[in-house]
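The values are calculated or read from the model by the stated rules, or taken from the named source; none is laboratory data. Keep in mind that what you see is a predicted model, and the values were worked out from it rather than measured. Here the Cβ is made from the backbone with ideal geometry for all residues, glycine too, and neighbour counts use every protein chain on show. Side chains are part of the model used for accessible areas, which takes the heavy atoms of the whole protein and leaves out ligands, DNA and RNA. Shrake-Rupley method; radii C 1.70, N 1.55, O 1.52, S 1.80 Å.
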Amino acid sequence: MRRGVPRLLELLDAYTLPTTWFVPEHTALRQPGAVRRIAAAGHEIAAAAPPPPPPGPRSAPTRSTA
């Protein structure tokens with residue numbers, strides 16, 4: 001994030017290429033300055049939320065004997 005983002009932004013600016021950056025939620029929370037720089041350079045930011053947790057163990061349906 002510290003070296004790659006500035007280098008990519010410089011390259012994209014040199015060729016006037018607008019891009020969409022998919023940023024995972026945890027990255028955006030940990031590196032807000034980098035996300036701000038990307039947006040300030042005119043690029044689109046798409047949020048990538050973490051996947052939902054897998055379902056827990058399923059129990060067999062119970063039958064009533066009444």
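Looking at Pro18, Pro54, which one is in contact with a Gly (Cβ under 9 Å, 6 or more places away or on another chain) and in a loop (DSSP other than H, G, I, E, B)?
Checking each option against the conditions leaves just Pro18.
Considering only residues of region 1-38 that are among the hydrophobic types (A, V, I, L, M, F, W, C), open to solvent by 50 Å² or more (accessible area, probe 1.4 Å) and over 18 Å from Ala49 (Cα atoms), which is farthest from the chain's Cα centre (by Cα)? Outline the logic, then answer.
Step one: filter region 1-38 for residues among the hydrophobic types (A, V, I, L, M, F, W, C), giving 1, 5, 8-9, 11-12, 14, 17, 21-23, 28-29, 34-35, 38.
Now restrict to residues that are open to solvent by 50 Å² or more (accessible area, probe 1.4 Å): 1, 8, 11, 14, 17, 22, 29.
Those left that are additionally over 18 Å from Ala49 (Cα atoms): 1, 8, 11, 14, 17.
On the way: Met1: 13, Leu8: 17, Leu11: 22, Ala14: 25, Leu17: 21 Å.
Filtering region 1-38 for residues that are among the hydrophobic types (A, V, I, L, M, F, W, C), open to solvent by 50 Å² or more (accessible area, probe 1.4 Å) and over 18 Å from Ala49 (Cα atoms), the one farthest from the chain's Cα centre (by Cα) comes out as Ala14.
How do the pairs read when you match residues in region 46-66 that are under 16 Å from Pro24 (Cβ atoms) with residues anywhere that are modelled with pLDDT of 70 or more and of a type in the set (Phe, Trp, Tyr), using Cβ under 9 Å and keeping only pairs 6 or more apart or on different chains?
Listed by first residue and then by second, the contacts come to Ala46/Trp21; Ala46/Phe22; Ala47/Phe22; Ala48/Phe22.
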